[in-house]
Amino acid sequence: MNSLVKLVLRFFKTTFLFALSYMFCFIVLTILIVIFQNQFVFMQFISIRDYLNVLVLAQSLFFIIAYGWYIGKPLVYLIRWIGRLSRGNYTIPRNHYRKSKDESSQSHDYCRPYNLYKEVFEQLTLLSTQLSSSEKERLDMEVKKQEWIAAISHDLKTPLSYIEGYAYMLCTREYNWTDEEKRSFSQQILDKALDLKSLIQDLNHSSQWSNINFPISLRQDNLIDFLRDIVIDIANHPLAEQAKFTYSTDMTSISVEFDRRLLGRAFQNILINAVIHNETGIHVTCDIRSEEDVIIITIEDDGEGIRKEQIEGSLYNSGKGLAIARAFIEAHQGEMNIFSITPKGTRLEVLLPKHKQ
């Protein structure tokens, strides 16, 4: 038996009960009129027929109002509920529910006369829940898109600084670069131009997102060699000319699943952040080790350090280099922590799971 049949049967039942009540009241009131007419002298001047005409008129008016209220009140309630939905208010009103002694109970009984439209209320409740869920997903996706765009906008600065630095070196007249050096500089500029192209494509793709989560493509790869290449790349950055980098590990290979593009951008942000926020001559060390089910990557510098009150802002201010790095690492189900070390300097620890959870 479908919902429509149940609704129609409930309407017939309600109408039948009203008609039955009407007939019962009419019979009872007619008997009372006959009895009272014999008891009171002033009622004997009016005929029974006149009394019955007044009774039918008054009773009919009362039952029409009562029936209209019983049928119409839930409809007015439903119209107001739909109006709330049209205004973007997806919360479910509770006036049509019968109060339950067990507040934790998930099941609800409908008050009269709302139970007449039980199936309609159930469908509208489902619609409100779905709209609320869709709105939450839309807002979450909008936040992710804005964070993604901010991250790309920030990361565009890194390849641009490479291109600017090597272009300046090629244009300077203070040095006579060899053909081999010029080819090396040109290759660096070409590589970073390709990185720029990739970032711009990511920026364009972000406008096409619909219901996807953070864009990540995991591939099995050697994390040791990957991090070594990142450190070497940053060490060759024009801004890091006076900085010293040390990469150390007692392992030759760690094969894990990660997104080379996103994780690369994360560690580029971490390393370049250590360079640009400290004085020249800074020493940056990168160490990687394995413990049980987690890989620990420690990046430490001997720079000015970071105050405790600045740590949270660095990690969670959208659009900042470290905040972007944290988001990319957490997309790999990892964790990133920052510590101020004594007497000076900063230590950053990245924990990555060996296996996808």
How big is D, in µm² s⁻¹, for segment 219-353 by Stokes-Einstein at 37 °C and 0.692 mPa s if Rh is the Kirkwood radius over C-alpha pairs? 219
Applying a 10 Å radius around every beta-carbon, put 182-194, 329-341 in order of their mean neighbour count, most first. 329-341, 182-194
Once you charge only the Cβ atoms, +1 for Lys and Arg and -1 for Asp and Glu, what is the size of the charge dipole of the chain about its Cα centre, to the nearest 20 debye? 2900
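Please label the shape of the chain as rounded, prolate or oblate, based on the square roots a ≥ b ≥ c of the eigenvalues of the alpha-carbon gyration tensor (a/c under 1.5 means rounded; beyond that, a/b larger than b/c means prolate, else oblate).
Prolate, because a/c is 1.5 or more and a/b exceeds b/c.
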Under 5 Å between amide hydrogens, which residues at least 5 positions from TYR110 or on another chain qualify, with H placed 1.01 Å from N in the peptide plane? ARG98
Skipping prolines and chain starts, which residues have an amide H placed within reach, meaning under 5 Å, of the one on ILE254, given they are 5 or more residues away or on another chain? LEU223, ILE224, ASP225
Do the sum for the chain: with -39,500 (n - 2.57) for every DSSP H run of n ≥ 4, divided by all residues, what is the mean residue ellipticity at 222 nm, to the nearest 500 deg cm²/dmol? -20500 deg cm²/dmol
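With a 10 Å radius around each residue's Cβ, average the other Cβ atoms per peptide and rank 135-143, 225-233, highest first.
Working: 135-143: 11.6, 225-233: 16.8.
Top of the packing list down: 225-233, 135-143.
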How far is helix 321-331 tilted off the main Cα axis of the chain, in degrees rounded to 10, range 0 to 90? 60
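Per 0.36 nm of contour for each residue apart, how much would the distance between VAL28 and SER248 grow if the chain were fully extended, relative to their Cα-Cα spacing? All intermediate terms of the calculation are to be shown ahead of the outcome.
Working: separation 220, 0.36 × 220 = 79.20 nm, distance 10.04 nm.
Here the segment from VAL28 to SER248 would lengthen by 69.2 nm.
Please work out whether segment 156-206 counts as rounded, prolate or oblate from its C-alpha gyration tensor, where a ≥ b ≥ c are the square roots of the eigenvalues and a/c under 1.5 means rounded, while otherwise a/b larger than b/c means prolate and anything else oblate? The partial results should precede the final answer.
Numbers: a/c = 5.42, a/b = 2.54, b/c = 2.13.
Because a/c hits 1.5 or more and a/b exceeds b/c, segment 156-206 counts as prolate.
Considering only Cα-Cα distances, which of the following residue pairs are longer than 23 Å: LYS6/LYS73; LYS157/LYS344; LYS244/LYS308?
Numbers: LYS6/LYS73 19 Å; LYS157/LYS344 28 Å; LYS244/LYS308 26 Å.
Beyond 23 Å between Cα atoms: LYS157/LYS344; LYS244/LYS308.
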Derived scalar couplings ³J(HN,Hα) [segment 14-22; Karplus, 6.51 cos²θ - 1.76 cosθ + 1.60; whole Hz; x for Gly, Pro]: 5, 5, 4, 5, 5, 5, 5, 5, 4
Folded to 0 to 90 degrees: helix 157-171 orientation relative to the chain principal axis, Cα: 30
Given points 7 Å out from each Cα along the Cα-Cβ axis, report the GLU335 to ILE71 separation in nanometres with one decimal. 6.4
How high is the FRET efficiency between LEU351 and PHE18 when r is their beta carbon distance and R₀ equals 56 Å, given to the nearest 0.05? 0.20
Environment charge at LEU160 (Cβ cut-off 11 Å; Lys +1, Arg +1, Asp -1, Glu -1): -1
Where a Cα-Cα gap under 14 Å defines reach, which aspartates and glutamates qualify for LYS192, not counting those fewer than 8 residues away within the same chain? ASP155, GLU164, ASP233
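Every number here is computed from the coordinates shown, using simple stated rules; none is lab data. Fair warning: this is a prediction, and the values are worked out from it, not measured in the lab. Counting neighbours? That spans all protein chains shown, and the Cβs are built from the backbone with ideal geometry, glycine included.
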